[in-house]
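Asker: Sending over a structure as structure tokens; questions will come in a sec.
The values are calculated or read from the model by the stated rules, or taken from the named source; none is laboratory data. None of the values given here were measured: they were computed from a predicted structure. Because the Cβ atoms are built from the backbone with ideal geometry, glycine has one as well, and the counts that use them run over all protein chains shown. Note: areas computed on protein heavy atoms with side chains; ligands, DNA, RNA excluded. Shrake-Rupley method; radii C 1.70, N 1.55, O 1.52, S 1.80 Å.
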Amino acid sequence: MKIFRNITLFIFSLFCTTVNSQDKTNILFIMSDDHSAEAVGAYGSRLAVLNPTPTIDKLAAEGMLMQNVFCTNSICSPSRASILTGQYSAVNGVTTLGGKVPKENQHLPNYLKQAGYQTAVIGKWHLSTQPLAFDYFKVLKSQGKYFNPEFEVKGRYKKDLVKEEGHSSDVITDEVIDWLKNRDKTKPFFVKHHFKAPHGPFDAAPRYKSYLADVEIPEPSSLFEEGNHGSIATKGHNSELKPYIGSSVSDRARRSCVGNYLKKSDLKGKAATKEAYQIYLKKYLRCIKGVDDNIKRVIDYLKEEGIYNNTIIIYTSDQGFYLGEHDYVDKRWGYEEGARMPFIIRYPKTIKAGKKSDAIIENVDFAPTLLDFAGIETPNVMQGKSFKSILESGKEPKKWKKAAYYHYWLHMAHHEVPAHIAIRTKNHKLIQFYGVAPKGKPYPQTPAAWELYDLVNDPKEMNNVYGQEAYLKIQNQLKVQLKDLRAEYKEDDPKFEINKVIDEYWDYTKADYQKAVQVSNAFVENKNNTPAKPKKKAKNDK
């Protein structure tokens, strides 16, 4: 009799655990790499006519689309660290590529595990420390490969990689579905589904080779129209640094789509730019097509298991990307297309379908929000704030943040983008290019300058109005606001050598401009005086 009673109690407790887990909210966090909001149909950009993301668009139609979500640093590792920790780069320590977040500081999975969640991350990770705070991980080594990717797997030595056959978008999704099928179904889950795509070099699965082949991709007007965009910091004195700063679609820059895609072409000038743009966009959009199709596979599984409506589904990207706007490629710049992240969330139990919000959200706010949905108060260690109430009500609290903060720390590495800080409100953006590398980095100084954009009248950022009399009042207000944010986020700490230069050029007098001219001239002179590297001898040379 006693044995029977114990068995009955065990079955009853197991039943209660299962019921409780079903009452809790599952979380599926889907993140791609470098997916511009311009290439998500639901955002209504020039590319929406191509219908590039029907699955993601359906999520938006059934949930909420956030219009003003920004990363604090548009580069892979820092953005991922901010999402993981709920902290700005100056606090979590990941300011450039290859940053480390130790297990104890992987706050989001740590707190969710304490609340009874089963946690996993599968796909691209791109932090030097492994995701040890997760119950399970299967992550790409560094950037990973598009084809036949190799993974670090929990429970194996770091160098003991597991190779999987196929395209990374397909393989990563296979692994996510497999994990969902075999998870402990008595617990709610939190799984991060991280695509490598559409990060360069944009190698799509072979089945997409003909996708968009006969379609003319719309161009951004700023591909050819420069307007008054930029400053001496981005173009140099009398535009002398344009060949050296940033990467481009045209042949303006050292690193360009024309140089990559039209090496043997007879096309020149505008015709070459147009052709290179078409190749660039089609390669990029084919990778996105693979992402969208694979998201549908995961959604189909959730429906099959009957947990589609009990799962918060988020789609985002670690940052934006430039698709020819201002003749730029890559990300890094604090302008709209690079700093803005797509963010779509579906959870029909509390979030109404088909809604949009222009509340300013930063990636440091993701972790507090997910914890809030799990019934966990934002821990003091996090700097971000939960925006759960905004998602559910569509209204901003009176004390909600009025601005997003941005800091690209790296300076002239990889795609030759100068380091800069910025503040972005709903109406304006103020940027300071301070022109020096972090301590210990070898990159040359570039001119310091400020830029200011009126986003109401100039949403494409075609007219830098810094210093114009009509904008002096708002310019000064934004500087005060920016300085306050830097103090609040511990960015102004004297341990960062760059802050000396940021402070030096804060007021930006005529003398400061003349210094910038001298730096620009010196940069070009040094480039011109640098001897060319000797060409490698061919194998048959003696």
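Asker: Within region 104-120, can you find the residues that are among the small types (Gly, Ala, Ser) and in a strand (DSSP E or B)?
Answerer: Correct list: ALA120 only.
Asker: Same structure again: Does region 317-358 hold any residues that are aliphatic (A, V, I, L, M) and touching a Leu at 6+ places or on another chain (Cβ under 9 Å), and which are they?
Answerer: Across region 317-358, the qualifying residues are LEU323, VAL329, ILE344, ILE345, ILE351.
Asker: Six or more apart or on different chains, Cβ under 7 Å: which pairs go from a residue in region 105-120 that's touching a residue at least 60 places away in the same chain (Cβ under 8 Å) to one that's open to solvent by 30 Å² or more (accessible area, probe 1.4 Å) and assigned to a helix (DSSP H, G or I)? Could you list them?
Answerer: Pairs found: THR119/LYS113.
Asker: For residues that are open to solvent by 10 Å² or more (accessible area, probe 1.4 Å) and of a type in the set (Val, Ile, Thr), scanning just region 154-196, find the one that is farthest from TYR117 (Cα to Cα).
Answerer: Among those residues, the one meeting the criterion is VAL162.
Asker: Return the total of residues in region 469-519 being surrounded by 12 or more Cβ atoms within 10 Å (Cβ to Cβ), at pLDDT 95 or above, acidic (Asp, Glu) and within 30 Å of SER239 (Cβ to Cβ).
Answerer: 3
Asker: Are any of the residues in region 6-27 open to solvent by less than 30 Å² (accessible area, probe 1.4 Å), within 30 Å of LEU281 (Cβ to Cβ) and either of a type in the set (Val, Ile, Thr) or modelled with pLDDT of 95 or more (or both)?
Answerer: no
Asker: Of (1) open to solvent by less than 10 Å² (accessible area, probe 1.4 Å); (2) hydroxyl-bearing (Ser, Thr, Tyr); (3) out of contact with any His (no Cβ under 8 Å at 6 or more places or on another chain); (4) farther than 21 Å from VAL191 by Cβ, TYR335 satisfies all except one. Which?
Answerer: Going through (1) open to solvent by less than 10 Å² (accessible area, probe 1.4 Å); (2) hydroxyl-bearing (Ser, Thr, Tyr); (3) out of contact with any His (no Cβ under 8 Å at 6 or more places or on another chain); (4) farther than 21 Å from VAL191 by Cβ one by one, TYR335 breaks only (3).
Asker: Just checking, which of PHE202, PHE190 is at pLDDT 95 or above, farther than 25 Å from ILE431 by Cβ and in a loop (DSSP other than H, G, I, E, B)?
Answerer: PHE202
Asker: Quick one: how many residues across region 162-180 are in a helix (DSSP H, G or I), in contact with a Lys or Arg (Cβ under 8 Å, 6 or more places away or on another chain) and over 16 Å from GLU305 (Cα atoms)?
Answerer: Residues in region 162-180 being in a helix (DSSP H, G or I), in contact with a Lys or Arg (Cβ under 8 Å, 6 or more places away or on another chain) and over 16 Å from GLU305 (Cα atoms): 5 in total.
Asker: Pick from region 258-315 the residues that are without any contact (Cβ under 8 Å) to a residue 60 or more places away in the chain, open to solvent by less than 60 Å² (accessible area, probe 1.4 Å) and not in a helix (DSSP H, G or I): which of them is nearest to ASP34 (Cα to Cα)?
Answerer: Looking at the filtered set, the residue picked out is LEU262.
Asker: A further question on this structure: Looking only at residues in region 316-327 that are assigned to a strand (DSSP E or B) and touching a His at 6+ places or on another chain (Cβ under 9 Å), which one is nearest to GLN278 (Cα to Cα)?
Answerer: SER317
Asker: Pick from LEU452, LEU472, LEU430, LEU478: which is closer than 19 Å to TRP333 by Cβ and assigned to a helix (DSSP H, G or I)?
Answerer: Result of the check over LEU452, LEU472, LEU430, LEU478: LEU478.
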